[in-house]
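Worksheet for the structure shown next.
The values are calculated or read from the model by the stated rules, or taken from the named source; none is laboratory data. Remember, predicted model here, so these are calculated numbers, not experimental data. When we count neighbours, we look across all protein chains shown, and the Cβ atoms used for this are built from the backbone with ideal geometry, even at glycine. These area figures cover heavy atoms from the full protein model, side chains too; ligands, DNA and RNA do not enter into them. Shrake-Rupley method; radii C 1.70, N 1.55, O 1.52, S 1.80 Å.
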Amino acid sequence: MAIPGRSRPATAAFYAAVAVIVVYTVFPFYWAVNSSLQTPQELFDVTWFPFSFSFGNYAHVFDGQPFGRNILNSVFVAVLTVGISLALSLTAAHALARVRFRGRGLLLLAILSVSMFPQVAVLGGMYELIRSLGLYNSLYGLVLSYMIFTLPFTVWVLTTFLRELPRELEDAAIMDGAGPWTTLTRVFLPLMGPALVTTGLLAFIAAWNEFLFALTFTLSDSQRTVPVAIANFSGASQFELPWGNIMAASVIVTVPLIVLVLVFQRRIVSGLTAGAVKG
Amino acid sequence: MAGIVFDRVSKRFGTAEVIRNVDLDIAPGSFTVFVGPSGCGKSTLLRLIAGLEDITAGTLLIEGCPVNDVAPAKRGVAMVFQSYALYPHMSVYQNMAFGLSLAKTDRRETDRRVREAARILQMDHLLERKPKDLSGGQRQRVAIGRAITREPKVFLFDEPLSNLDAALRVQMRLEIAKLHRALGATMVYVTHDQVEAMTLAEQIVVLNAGAVEQVGAPLELYHRPQNRFVAGFIGSPQMNFLPGTLAAAGADGVAVALAGLASPVPAAVAPDGQAAGAAVSLGIRPEHIVVGDGVAAAGPHGRIALVERLGSDTLLHVATQAGHLVVAAGAATKARVGDTIRLGLPADACHVFAADGRALARRGATEA
């Protein structure tokens, strides 16, 4: 099937390029699935397809370690982070987008610059903060620390989105007797679905996959989130890396993300392009 | 019904003064139209009434009460926006009921008012639709319906028809006029469209650079503009202006000497203190210039530079010795580009403006 207006060789080259990109992006995940379905013995050979379909690795992940608990921890932390981030950034965005006040531009820049620091740079200070709040080795400590990278992003995206909503809509709400809170929750919020889904999902993924803070601010196995738990998997001996288990656990924690993205697929696209064109 | 009074109202945005010392009286139950060029402050004036902008100085009274510090929703006014500003996620019914539900109006009363508004605007069948499923005209109707349900004392319209196509605009114009008769409420309407202003208004307010130039009935503005700005703004095509000097000034009229004309052109206006020799401009509307054989040889003449045939009328652009003139010559004219044409300027159709733009009072100009 040739693309209209293009020669056959050009079309072939196009699809070849597409194939390269697909392989490049999908292969690492395929390799994880592939490895997770092989027995430890098979792992020593390079096999491109898991002929044995051994689910032993998956069962083994939950043996002798609180991996189920770790998943619940991750869900708890990510959901709470997303919820608080969206609630805070929605109200902040309303002020930043709709209220004229002195220093608004400066504030927006400050919020953006916070997100530019590498995590390591704030690790020490954040550790002191969390300890003094008594949140060390607590999931709430993780939620607090994760907001340092989710908030700048969600505030910025929602501010931009709110700015795009027509001024007259707000005027109409004011004429109808709505205060700022009613305008935000009953007029703007229902129109912001795509933006909320997109930013919420990206914040969720960031919190779900976060490693450094989770490693530093938790101590006991029962408080660990999934990325740290996977990194701490140990084999039968000190010299064995339980590769199959690690891959199985990785697949287990990646699948929910993929499902989420697929469920919200259409809304994400409209959210990412919101404001690009009018309407 | 409520009257609106502006008492020396000013509005500044930062250092820019967009409304300067406006004094204005809007009678209860009247239909008032604000017109003016873009940026003249007409929309800002409307938003001051609505309460969407704060008043910098002066007092605004609605029904005799100062409302400078009264919240928009408590002023008893409703506004129809240019972009309609319907809530996209709500049905037509919800759009119209939103204000009432915020005001905690009884559910049955809300329902009655929404259905009544829908009946008046003949959109009963649209109540369950979302705005995106409506045509432009229907959206406009919903926006008006949303205003009606609040049963306001004052309706404000901010260029409500400018997003509609020409045919629909005429139809909605008639409906708004009908609505005004039916409801009897005070209506204030902003437009840049002269036809809308002339046909809808009982009173037109001409604004320029944040100040009121003239207030009056449509035909009064047409026949007796108080200054050159109003004369040029009201009427389409625009009034012609020719520079000249006052050759004679007497109690029964003046005469204006124009460049290239042997004898001064008489005009039926009072001298108003202007003496012979003063620089003035002579104004005459295209539709009042006389074309044809009966015209005295003393009038201006010139070559036709351009002919615009509008069907109902024909506009001739004539380069005369006294200056460029646009002439409405009637649909039947055979005039063509390049023809030389002789024009007559009837004394009782001439306006004369002093150097500062002020109009000299016309004598015996009819109102009709």
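Here are the numbers for the structure shown:
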read-out: Some residue of region A:180-193 being more than 30 Å from B:LYS74 (Cα to Cα) and within 14 Å of chain B (Cβ to nearest Cβ); value: yes
read-out: Residue list for region B:14-38, restricted to those being assigned to a loop (DSSP other than H, G, I, E, B) and either without any contact (Cβ under 8 Å) to a residue 40 or more places away in the chain or within 14 Å of chain A (Cβ to nearest Cβ) (or both); value: B:GLY14, B:THR15
read-out: Strands (runs of 3 or more DSSP E) contained in region B:154-272 and holding at least 1 residues in the same structural domain as B:VAL80 (by TED's automatic domain parsing) and under 30 Å from B:ASP25 (Cβ atoms); value: B:154-158, B:186-190, B:203-208, B:211-216
read-out: Residues of region B:131-144 satisfying the condition of being surrounded by 16 or more Cβ atoms within 10 Å (Cβ to Cβ) and within 13 Å of chain A (Cβ to nearest Cβ); value: B:PRO131, B:ARG139, B:VAL142, B:ALA143, B:ILE144
read-out: Failed condition for B:VAL92, given (1) farther than 25 Å from A:GLU170 by Cα; (2) more than 19 Å from the chain's Cα centre (by Cα); value: (1)
read-out: From B:GLY311, B:GLY357, residue being under 24 Å from B:GLN226 (Cα atoms) and small (Gly, Ala, Ser); value: B:GLY357
read-out: Matching residues in region B:330-345 - criterion: being in a loop (DSSP other than H, G, I, E, B) and closer than 16 Å to B:MET239 by Cβ; value: B:LEU345
read-out: Single residue of A:ALA32, A:ALA87 found to be under 27 Å from A:THR198 (Cα atoms) and modelled with pLDDT of 90 or more; value: A:ALA87
read-out: Residue in region A:215-225 that is touching a helix residue (DSSP H, G or I) at 6+ places or on another chain (Cβ under 9 Å), hydroxyl-bearing (Ser, Thr, Tyr) and open to solvent by 10 Å² or more (accessible area, probe 1.4 Å) present; value: yes
read-out: Of all residues making up region B:102-123, the number that are part of a helix (DSSP H, G or I) and within 10 Å of chain A (Cβ to nearest Cβ); value: 1
read-out: Test: B:ASP7 is touching a residue at least 40 places away in the same chain (Cβ under 8 Å), among the charged types (D, E, K, R), touching a Lys or Arg at 6+ places or on another chain (Cβ under 7 Å) and open to solvent by 50 Å² or more (accessible area, probe 1.4 Å); value: no
read-out: Residue within region A:37-51 that is open to solvent by less than 80 Å² (accessible area, probe 1.4 Å) and under 29 Å from A:PHE204 (Cβ atoms) present; value: yes
read-out: Number of positions in region B:54-101 that are closer than 14 Å to A:ARG186 by Cα, in contact with an Asp or Glu (Cβ under 6 Å, 6 or more places away or on another chain) and facing chain A (nearest Cβ under 9 Å); value: 2
read-out: Search result, residues across region B:291-307 that are modelled with pLDDT of 90 or more and open to solvent by 70 Å² or more (accessible area, probe 1.4 Å); value: B:ARG303, B:LEU306
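One line per residue, one yes/no per condition, for (1) under 21 Å from A:ALA195 (Cα atoms); (2) free of Cβ contacts under 8 Å to residues at least 24 places away in the same chain:
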residue: A:SER115; (1), (2): yes, no
residue: A:VAL122; (1), (2): no, no
residue: A:LEU133; (1), (2): no, yes
residue: A:ILE148; (1), (2): yes, no
residue: A:VAL155; (1), (2): yes, no
residue: A:LEU158; (1), (2): yes, no
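Okay, residues lined up against (1) farther than 24 Å from B:VAL230 by Cβ; (2) out of contact with any Ser or Thr (no Cβ under 7 Å at 6 or more places or on another chain); (3) among the aliphatic types (A, V, I, L, M); (4) surrounded by 14 or more Cβ atoms within 10 Å (Cβ to Cβ):
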{"position": "B:ASP272", "(1), (2), (3), (4)": "no, yes, no, no"}
{"position": "B:GLU287", "(1), (2), (3), (4)": "no, yes, no, yes"}
{"position": "B:ALA329", "(1), (2), (3), (4)": "yes, no, yes, yes"}
{"position": "B:LYS334", "(1), (2), (3), (4)": "yes, yes, no, no"}
{"position": "B:GLY338", "(1), (2), (3), (4)": "yes, yes, no, no"}
{"position": "B:PHE353", "(1), (2), (3), (4)": "no, no, no, yes"}
